[in-house]
Amino acid sequence: MTDQSFRFPRFFVTAPAPCPYVPGRTERKVFAELKGGSAMEMSEALGRIGFRRSQNVVYRPSCDFCQACVSMRVMAPMFAPTASQKKLLRRHADLEVSACEPWATAEQWALLRRYLAVRHPQGGMAAMDAHDYADMVEQTPVDTVVVEYREPSSDGQPGRLVGCCLTDKQSDGLSMIYSFYEPDSVTRRGLGSFIILDHIIRAGDARLPYVYLGYWIDDCDRMSYKKSYQPAEALIAGIWKRMA
């Protein structure tokens with residue numbers, strides 16, 4: 001018997017635009033809207049074939065003559081941190097981690113502005129305002145949390161916010177939608193890597209199979225860090241295969 005409430009989505013394709021990752025190339029995306037009671041089911045199903053979520057839309061690259069963007073996920077229960085990753089986990093072990101409802105706060109927005117100004121001053125998100133950030137966090141039709149990383153509380157007051165990750169909770173794991181952190185703290189080096197490690201370890205402890213890290217490009221130095229989280233799988237020609 002067919003579930004009549006589920007409707008196959010309508011897909012659209014964006015116009016060509018300069019690729020932000022591979023110089024000299026153009027990118028196109030295929031996307032669909034998430035809506036209705038089947039939004040969660042649809043998001044997960046499309047996520048398994050390489051789509052990513054942004055607000056109430058899922059998308060994936062659909063570029064002419066290029067397949068450089070590869071979906072990647074870490075096999076969380078099998079993950080074992082390296083010596084340097086263990087050191088990083090110890091360095092930030094005092095941080096207090098909370099999974100918060102997807103509501104944007106002024107404190108999160110201020111942290112994001114500092115992060116973008118230092119790490120991505122020319123990026124596409126640099127022109128965001130507070131309303132754009134609120135939309136990014138709050139416009140979600142799926143099970144989403146904002147994972148906050150804070151320094152230890154003092155005198156009953158929450159500690160300083162040093163990291164955030166917008167994360168979708170799925171039946172097969174966690175999908176890290178976007179993370180940001182204090183960019184210039186001498187005492188909090190490696191926060192970006194720590195946030196990924198924390199997600200992988202928590203997923204493994206919960207016996208969730210995967211942590212989805214988005215896209216990886218072999219020739220892009222900005223994405224090379226993702227290969228340090230092993231074992232992992234890459235979506236190649238529609239099949240998830242173990243990465244070397």
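Tabulated values for the structure
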{"item": "Failed condition for THR105, given (1) under 18 Å from the mean Cα position of the chain (by Cα); (2) open to solvent by less than 60 Å² (accessible area, probe 1.4 Å)", "result": "(1)"}
{"item": "Residue in the range 201-230 that is surrounded by the fewest Cβ atoms within 10 Å (Cβ to Cβ), counting only those that are more than 18 Å from the chain's Cα centre (by Cα) and closer than 19 Å to PHE79 by Cβ", "result": "ARG207"}
{"item": "Criterion: in contact with a Cys (Cβ under 6 Å, 6 or more places away or on another chain) and within 23 Å of VAL142 (Cβ to Cβ) - qualifying residue of ILE195, ILE200", "result": "ILE195"}
{"item": "The range 163-189, residues that are more than 12 Å from TYR212 (Cα to Cα) and either at pLDDT below 95 or among the hydrophobic types (A, V, I, L, M, F, W, C) (or both)", "result": "CYS164, CYS165, LEU166, PHE180, PRO183, ASP184, SER185, VAL186, THR187, ARG188, ARG189"}
{"item": "Residue satisfying all of: in the range 48-101; part of a helix (DSSP H, G or I) and in contact (Cβ under 8 Å) with a residue 12 or more places away in the chain; farthest from the chain's Cα centre (by Cα) among these", "result": "ARG91"}
{"item": "Members of the range 137-166 that are in contact (Cβ under 8 Å) with a residue 60 or more places away in the chain and either within 22 Å of SER193 (Cα to Cα) or charged (D, E, K, R) (or both)", "result": "ASP143, GLY159, VAL162, GLY163, LEU166"}
{"item": "VAL147 in a strand (DSSP E or B) and either on the phi > 0 side of the Ramachandran plot or of a type outside the set (S, T, N, Q) (or both)", "result": "yes"}
{"item": "Scan of the range 169-188 for residues that are touching a residue at least 24 places away in the same chain (Cβ under 8 Å), assigned to a loop (DSSP other than H, G, I, E, B), surrounded by fewer than 18 Cβ atoms within 10 Å (Cβ to Cβ) and touching a Leu at 6+ places or on another chain (Cβ under 8 Å), ordered by number", "result": "ASP172"}
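Residue-by-condition table, conditions (1) free of Cβ contacts under 8 Å to residues at least 24 places away in the same chain; (2) in contact with a strand residue (DSSP E or B) (Cβ under 7 Å, 6 or more places away or on another chain); (3) assigned to a strand (DSSP E or B); (4) among the aliphatic types (A, V, I, L, M):
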site: PHE12; (1), (2), (3), (4): yes, yes, yes, no
site: ALA15; (1), (2), (3), (4): yes, no, no, yes
site: TYR21; (1), (2), (3), (4): no, no, no, no
site: GLY24; (1), (2), (3), (4): yes, no, no, no
site: ALA32; (1), (2), (3), (4): no, yes, yes, yes
site: GLY37; (1), (2), (3), (4): no, no, no, no
site: MET40; (1), (2), (3), (4): no, no, no, yes
site: SER43; (1), (2), (3), (4): no, yes, no, no
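The values are calculated or read from the model by the stated rules, or taken from the named source; none is laboratory data. Just so you know, these numbers come straight off a predicted model, no measurement behind them. Note that we place each Cβ from the backbone using ideal geometry, even for glycine, and neighbour counts take in every protein chain shown. These accessible areas exclude ligands, DNA and RNA; they are computed on the full protein's heavy atoms, side chains included. Shrake-Rupley method; radii C 1.70, N 1.55, O 1.52, S 1.80 Å.
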